[in-house]
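The values are calculated or read from the model by the stated rules, or taken from the named source; none is laboratory data. The model shown is predicted, which means the values in this text are computed figures rather than measured ones. Reconstructed Cβ throughout: ideal geometry from the backbone, glycine too, with neighbour counts over all protein chains shown. Ligands, DNA and RNA are stripped out before the accessible areas are found, and what is left, the full protein with its side chains, is counted by its heavy atoms. Shrake-Rupley method; radii C 1.70, N 1.55, O 1.52, S 1.80 Å.
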Amino acid sequence: MSSVVDWLRTSTPGLLVLCGIAIAVLLFVIIKIKLEPFIALLIVGLGLALAAGLPVSQIVGTAIKSGDSILETGFGGILGHIAVIIGLGTVLGAILERSGGAQALTARLLGVFGERGAPIAMGLLGLIFGIPVFFDIGIFVLAPLVYVAARQGGKSLVLYAMPMLAGLSMTHAFLPPHPGPVALGGLLEVNLGWLILMGFVCGIPGFIAAGLLWGSYIGKRVIVEVPEDFVNDADAATSGTSTGSDQDGPHVSGGTAVTTARPRVTTPPSVGTIGAIIAVPLILILGATFGTILLDEGRLLQVLTFFGTPAVALLIAVLIAFYVLGIRRGSTVQELSTLTGESLRPVGMLLLVVGAGAFFGKVISATGIGTALADTMSAAGLPIIVLAYIISCALRIAQGSATVAIVTTGGIVGPLVAAQDYSPVAVALIAMSIAAGSIILSHVNDGGFWIIAKFFNMTVKQTLQTWTVLETVLSVVSFAVAGVLFAIIA
């Protein structure tokens, strides 16, 4: 028995077996037992640490001092990096949504592209509005606008919904301040500026292929009508009035009828104002990134670095939004504080899942499994970017959560990346491959699958034909771009 234990703890095959068992147990308790991912990651991480023979003092510290333990550094290291960014990003998205910016942007895009180009307008709407707004919130806000475009165009709802969903999914998977890319920045220790750049470079081709090309193809073949219940609510949304309750979010009744409470907006902000507010943090972060490359040490670089720190850049954008979209338009500070509190409520569990995933990755690193995996991968000749994509795909397909797939894969791959002398661009491309894998093949174990089915009046079969294929095309094309660039750069 002791020889088996020694083999598991000290040999490369044994460590790989331990890692495989840990991941299998993690998937089992999440999928079959339905345990909350935060608890599952914590339990499996502690179990793996003990099974690998790590000292208790290293795992959890001592009764006197625990600050250097894997448990605390695993959680604290990543949360210190992402908590402020995700929190500020959430608040920024909430005030942009509440101000009526989506309606203003929709009207402008439809005016530019016309009726024939309405699907493209919907795609750009999802792409632009998806940068500061979380995926599910984006659906709640933009769905009524898609209903109106579909009714006016007289064609299948799928034709207009798919481009919008592709835009939301692309930004959510590949661009900060969304949780996945921000978590990867911490796990792989890469600057968010590079993630923004590579996110656009890899994600835009995927968006075009999945949202515009596939969306146009399948939208002519899967015919979904806009039900009267949807149309009535969409009309109310675009006229600036509210229906149903005053709570934001969906209300599902009668199987398919979904209504979305809208903010009461009389004069939506201009498109230029919305675009400028969204652009502020991106420009500041990219300014710091390029300043580090192009400028020598000096006062200008210090200024760019300070204002381009993601937390500072997002704070500036939030303050601008508070004034321009709030106070200047008649909101009080108390109302803005209430909005902030409401928008931050769902963030807690998200941060716990990311922290637990980082702890799991820290355990993998401490056990030496990462080194063993690197040796095996080198012997097999499998590129790290391919390995990262395959692991992320497997986790996504098995348990449905993109966030869990990202943080778990990042934890596994992180030690391999750290062991190599990759450039920041190459590390960002590896992060993009993980992000691409985390969105592949959305199906019935993914909550987003059911949200889309209900909001866009589709059966399970229709959702599989449309949304599931869209996510797969977005994943594969974006990974292909990342892989080609990695082969050139690395």
Degrees separating the helix 424-437 axis from the principal Cα axis of the chain, which is the longest one: 70 degrees
Of all accessible heavy-atom area on the chain, the percent that carbon and sulfur account for (1.4 Å): 65 percent
Crossing angle, helix 192-207 versus the chain [Cα axis fit, 0-90 degrees, rounded to tens]: 60 degrees
Separation of the residue 5 and residue 115 label points, Cα + 7 Å toward Cβ, nm: 7.6 nm
Estimated FRET transfer efficiency (residue 459, residue 342; beta-carbon r; R0 41 Å; 0.05): 0.75
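Below 8 Å between Cα atoms, with a sequence gap of 6+, how large is the relative contact order for the chain in percent?
22 percent
Could you pull out the trypsin sites (Lys or Arg not before Pro) across the range 84-181 that fall in loop regions by DSSP (anything but H, G, I, E, B) with no more than 11 other Cβ atoms inside 10 Å?
Sparse-neighbourhood loop trypsin sites (Lys or Arg not before Pro): 116.
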Computed over the range 1-147: relative contact order in percent, which uses C-alpha pairs under 8 Å that are six or more apart: 14 percent
Shape category assigned to the range 11-79 from the gyration tensor of Cα positions, a/c cut at 1.5: oblate
Estimated FRET transfer efficiency (residue 267, residue 24; beta-carbon r; R0 51 Å; 0.05): 0.35
The range 1-101: chymotrypsin sites (Phe, Trp or Tyr not before Pro) falling in loop per DSSP and having at most 16 other Cβ within 10 Å: none
The range 385-490: relative contact order in percent, alpha carbon pairs under 8 Å with at least 6 residues between: 35 percent
Length gained when the stretch residue 335-residue 213 is fully extended (0.36 nm per residue, less Cα-Cα span): 39.7 nm
The range 70-131-the range 330-373 distance, computed between alpha-carbon centres (Å): 18 Å
For the chain: accessible area per residue (Å², 1.4 Å): 40 Å²
Alpha carbon centroid spacing (whole Å) that separates the range 467-489 from the range 1-33: 31 Å
Residue 294-residue 32 pseudo-label distance in nm [points 7 Å out on the Cα-to-Cβ vector]: 5.6 nm
Under the Karplus curve 6.51 cos²θ - 1.76 cosθ + 1.60, θ = phi - 60°, whole-Hz ³J(HN,Hα) for the range 159-176, x wherever Gly or Pro sits: 4, 9, 6, 4, x, 4, 5, 5, x, 5, 5, 4, 5, 5, 7, 10, 10, x
